[in-house]
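Trainee: This is the structure I have questions about; it appears just below.
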Amino acid sequence: MNNEIDWSKLPFGYLRTDYNVRCEYRDGKWGEIQVSSDENINLHMAATALHYGQEIFEGLKAFRGKDNKIRIFRLKDNARRMRESAEGLLMEPVPEDLFCEMCKKVVKLNERFVPPYGSGASLYIRPLEIGLTARVGVKPAEEFLFLILVTPVGPYFKTGFGCTNICIMRDYDRVAPKGTGRWKVGGNYAASLQAGEHAHELGYSAVLYLDPKEKKYLDECGPANFFAIKNGKYITPASDSILPSVTNKSLMQLARDMGIEVEQRHITVDELDDCTEAAACGTAAVASPVGEIHDLDTGKKYILAPDGKPGPVTTALYNRLNAIRLGEEEDIHGWNTIVE
Ligand SMILES: *Cc1c(COP(=O)(O)O)cnc(C)c1O
């Protein structure tokens, strides 16, 4: 274990660990897995990643459980999504077995950075793939680097599980209607920075985007998926521009397990009037409950949490998912991979 780190005060930031793992695709095949302690990568200045944005990534977490075992949550789902992102950007897909093997390896190598059970902290795993080939013309790379770094991150809710307010702004789109929104692409984040910073300046935690084509339906909530509770049902937007969140998929399953009906469909803005709970969801927070949604263009305010507290369904789902990740509750869906 690592005695120098105050786990409860860790931010969601980068902290150096001992090792990262890498694998390169050259001459039509993936090479050997390399273990490195170097925090830098040596890149050709004309690499496609730098000029034409051939960059994709993933984000998942490892936890130390009640039984002291280390669990990676939904490893295979992230492996599959990374493959789909690669296909979307004409990059060489990382074989799912290689992805899983390398994630387990990098966690094991950095075992002393996996925060203790009960700290609320976890080891964040960040796989990324970039195009290496030097190109000036617009064309996909032929060589790729797949790299995984890990860093311990603190609890998302520093002052306890609580609500924040979000806003609707029609002046920004995160992605295009038939664009790259469904893949985990760095460029999507670059394209969302302006809107996010604008919302933060106005005191909101995130922008609730509307669908980029018609501006009629709810889309993503900042860099997270969105769900709401309406007439006791779990509703979440369906759209081609939404990244399929593994957390959202897990919460939908847990909702069904709890006897809650789930609808993944177009949701119009005015349906928010009839919602009794709402939250953003993703690996970082699991669920980040929404207090109020302010539509800055119409002046309308949707109050989701009149008492300012997270609602009962969101709270139950949040607790259930956390309990599974920490080995406190039986993993009936086989979501955890134990790192031996
Ligand atoms: C990563 C991401 C999410 C959340 O996905 P999880 O698999 O739940 O972490 C949601 N939206 C966007 C745009 C993302 O990049």
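The values are calculated or read from the model by the stated rules, or taken from the named source; none is laboratory data. None of the values given here were measured: they were computed from a predicted structure. Every residue, glycine among them, receives a Cβ derived from its backbone with ideal geometry; neighbour counts consider all protein chains shown. Areas reflect the complete protein model, heavy atoms only, side chains present, ligands, DNA and RNA absent. Shrake-Rupley method; radii C 1.70, N 1.55, O 1.52, S 1.80 Å.
Trainee: Project the alpha carbons of segment 5-56 onto their principal axes and report the range along each, largest first, in whole Å.
Mentor: Principal extents (Cα only, largest first): 45, 27, 17 Å.
Trainee: Right, something else. How do 121-128, 86-93 rank on mean C-beta neighbours within 10 Å, highest first?
Mentor: Details: 121-128: 22.5, 86-93: 18.1.
In decreasing order of mean packing, 121-128, 86-93 become 121-128, 86-93.
Trainee: With a 1.4 Å probe and all protein chains left in place, how much accessible area per residue does segment 7-153 have, in Å²? Don't jump to the answer; show the numbers that get you there.
Mentor: On the way: 6780 Å² over 147 residues.
Accessible surface, normalised per residue, equals 46 Å².
Trainee: Here's something else I'd like to know. Collect residues whose amide H, placed 1.01 Å from N in the peptide plane, falls under 5 Å from the amide H of Arg182; neighbours closer than 5 in sequence don't count.
Mentor: Here the answer is none, since no amide H 5 or more places off falls under 5 Å of that of Arg182.
Trainee: Given the alpha-carbon gyration tensor of segment 206-254, what are the semi-axes of its equivalent ellipsoid in whole angstrom, ordered largest first, with each equal to the square root of 5 times an eigenvalue?
Mentor: 18, 13, 9
Trainee: Quick one: Karplus J couplings for segment 178-191, per residue in order, coefficients 6.51, -1.76, 1.60, θ = phi - 60°, nearest Hz, x for Gly and Pro?
Mentor: After applying 6.51 cos²θ - 1.76 cosθ + 1.60, I find 10, x, 9, x, 7, 10, 8, 10, x, x, 4, 6, 4, 6 Hz.
Trainee: Taking H as built 1.01 Å from N, whose amide H comes closer than 5 Å to the amide H of Glu220, not counting residues under 5 places away?
Mentor: Tyr209
Trainee: Using alpha-carbon positions, what is the distance between the centroids of segment 241-313 and segment 59-80, in Å?
Mentor: The two parts, judged by their Cα centres, are 25 Å apart.
Trainee: Suppose we keep just the alpha-carbon trace of segment 7-153; what are its Rg and Dmax in angstrom?
Mentor: 15.9, 54
Trainee: Quick one: what are the phi-derived ³J(HN,Hα) couplings along segment 75-87, Karplus 6.51/-1.76/1.60 with θ = phi - 60°, whole Hz, x for glycine and proline?
Mentor: Calculated HN-Hα couplings, in order: 4, 5, 5, 6, 4, 5, 5, 5, 5, 5, 4, 4, 4 Hz.
Trainee: Let me ask something additional. Can you tell me which of 49-57, 189-197 comes out highest on packing, and rank the rest after it, using the mean Cβ neighbours within 10 Å? Let's see the in-between values first.
Mentor: On the way: 49-57: 20.3, 189-197: 14.4.
Per-residue mean Cβ counts within 10 Å order the peptides as 49-57, 189-197.
Trainee: Let me ask something else about it. Can you tell me, using C-alpha contacts under 8 Å and at least 6 residues apart, the relative contact order of segment 7-153 as a whole percent?
Mentor: Numbers: 292 pairs, mean separation 53.7, N = 147.
Value for segment 7-153: 37 percent.
Trainee: If you plug each phi of segment 307-323 into the Karplus form 6.51 cos²θ - 1.76 cosθ + 1.60 with θ = phi - 60°, what whole-Hz ³J(HN,Hα) values come out, in order, with x for Gly and Pro?
Mentor: With coefficients 6.51, -1.76 and 1.60, one gets 9, x, 10, x, x, x, 6, 4, 5, 5, 5, 4, 5, 5, 5, 4, 5 Hz.
Trainee: Probe of 1.4 angstrom, ligands and nucleic acids ignored: what's the accessible area per residue over segment 164-325, in square angstrom? Please list the in-between numbers first.
Mentor: Working: 6720 Å² over 162 residues.
Here the residues of segment 164-325 average 42 Å² of exposed surface.
Trainee: Can you classify the chain as rounded, prolate or oblate using the Cα gyration tensor, where a ≥ b ≥ c are the square roots of its eigenvalues, rounded means a/c under 1.5, and otherwise it's prolate if a/b beats b/c and oblate if not?
Mentor: Working: a/c = 1.84, a/b = 1.25, b/c = 1.47.
Oblate is the answer for the chain, as a/c is 1.5 or above yet b/c matches or exceeds a/b.
Trainee: Related question: Within segment 7-153, how many Lys pairs that are eight or more residues apart, or on different chains, come under 22 Å at the alpha-carbon?
Mentor: Close lysine pairs under the 22 Å cut-off: 20.
Trainee: Follow-up. Roll a 1.4 angstrom probe over the protein heavy atoms and tell me the percent of accessible area of the chain that is carbon or sulfur. List each step's numbers first, then the result.
Mentor: On the way: 7700 of 15610 Å².
With neighbouring chains kept in place, the figure for the chain is 49 percent.
Trainee: Another question about this same structure. Mean residue ellipticity at 222 nm from the helices of the chain, using -39,500 (n - 2.57) per DSSP H segment of n ≥ 4 over the full residue count, to the nearest 500 deg cm²/dmol? Kindly include the intermediate steps, with their values, before the conclusion.
Mentor: Values: 6 runs with 75 residues, N = 340.
Here the helix-only value at 222 nm equals -7000 deg cm²/dmol.
Trainee: Given H placed on each backbone N at 1.01 Å, which residues far from Leu149 in sequence or on other chains put an amide H within less than 5 Å of it?
Mentor: HN-HN under 5 Å from Leu149: Arg126, Leu128.
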